[in-house]
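Undergrad: So that we are looking at the same thing, I have put the structure below in structure tokens.
Rule-based calculations on the coordinates, nothing more; no lab input. Computed from a predicted structure; not experimentally measured. So basically every Cβ, Gly included, is an ideal-geometry build from the backbone, and we count neighbours across all protein chains shown.
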């Protein structure tokens, strides 16, 4: 029986190496190109044990480049049994090293939010993130409320848990946190507008002006920043302005 070459890497490390090689070969590492490779591996791993998918994601996070983090988070998100078996320790390990807006939102939307929505981790974990000295973790706490309220992401509306996080961070003026606060409240406004109106009224003197403006716009018009009405066209045309 022929023996496998000594340098043949099998198992989870072998999968990580294969993913790395395919991503290295991409002409462009745009999200859609990386996602195409991820879909291929999600299909191959659809019957894999949850711990295999999680271990693979952890290995990918050790590689340099934001595309590996994106790949890892999506890989778990699209393997339902791996996603809903994540615990608090694993979540925080998967979030270690986050240092960008896209990575933060990807983590909150794909991992932390869905797991919290299904009550696989306690609210105290999200509240601890909201009190973090790191503004990325504070943003994650707010972004994690989006899957509670987004129907497109399986949410049905949860004003209680959403507003608990908002109250912790309502005085925070870090731009990344303020924008996430607006997003969280606008998403809640789609399903529970009365709760959002009451919160805005109660905390009007505390919330950041941007939050008040964008969320109020959402409640009144359905848009974050509705375009101003175009001014009436000037009656004087070029022809009218010509010197006779």
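Condition check ((1) touching a residue at least 60 places away in the same chain (Cβ under 8 Å); (2) buried (at least 18 other Cβ atoms within 10 Å of the Cβ); (3) part of a loop (DSSP other than H, G, I, E, B); (4) touching a strand residue (DSSP E or B) at 6+ places or on another chain (Cβ under 6 Å)) across all residues:
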site	(1), (2), (3), (4)
17	no, no, no, no
29	no, no, yes, no
37	no, yes, no, no
43	no, no, no, no
53	no, yes, no, no
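Undergrad: Working only within the stretch 60-78, note down all residues that are surrounded by fewer than 18 Cβ atoms within 10 Å (Cβ to Cβ) and not in a loop (DSSP other than H, G, I, E, B).
TA: Within the stretch 60-78, 66 is the sole residue that qualifies.
Undergrad: Please enumerate the residues belonging to the stretch 79-104 that are surrounded by fewer than 19 Cβ atoms within 10 Å (Cβ to Cβ) and in contact with a helix residue (DSSP H, G or I) (Cβ under 6 Å, 6 or more places away or on another chain).
TA: Result: 81, 85, 88, 103.
Undergrad: Now a separate question. Residues of the stretch 118-145 being surrounded by 24 or more Cβ atoms within 10 Å (Cβ to Cβ) and part of a loop (DSSP other than H, G, I, E, B), which ones?
TA: Answer for the stretch 118-145, where residues must be surrounded by 24 or more Cβ atoms within 10 Å (Cβ to Cβ) and part of a loop (DSSP other than H, G, I, E, B): 144, 145.
Undergrad: Within the stretch 80-107, track down each residue that is assigned to a loop (DSSP other than H, G, I, E, B) and over 16 Å from residue 52 (Cα atoms). Outline the logic, then answer.
TA: Step one: list which residues in the stretch 80-107 are assigned to a loop (DSSP other than H, G, I, E, B), which gives 84-87, 96-100.
Within the stretch 80-107, 96, 97, 98, 99, 100 meet the criteria.
Undergrad: Ok, one more. Among 168, 206, which is the only one that is out of contact with any strand residue (DSSP E or B) (no Cβ under 7 Å at 6 or more places or on another chain) and over 20 Å from residue 109 (Cβ atoms)? Walk me through it before giving the result.
TA: On the way: 168 fails: over 20 Å from residue 109 (Cβ atoms).
Unique residue meeting the criteria: 206.
Undergrad: For residues that are touching a residue at least 12 places away in the same chain (Cβ under 8 Å) and in contact with a helix residue (DSSP H, G or I) (Cβ under 7 Å, 6 or more places away or on another chain), tally how many sit in the stretch 191-206. Don't jump to the end; show me each part of the working.
TA: Of the residues in the stretch 191-206, the ones touching a residue at least 12 places away in the same chain (Cβ under 8 Å) are 191-193, 195-197, 199-200, 203, 206.
If we keep only those that are in contact with a helix residue (DSSP H, G or I) (Cβ under 7 Å, 6 or more places away or on another chain) as well, we get 191-193, 195-197, 199-200.
So the answer is 8.
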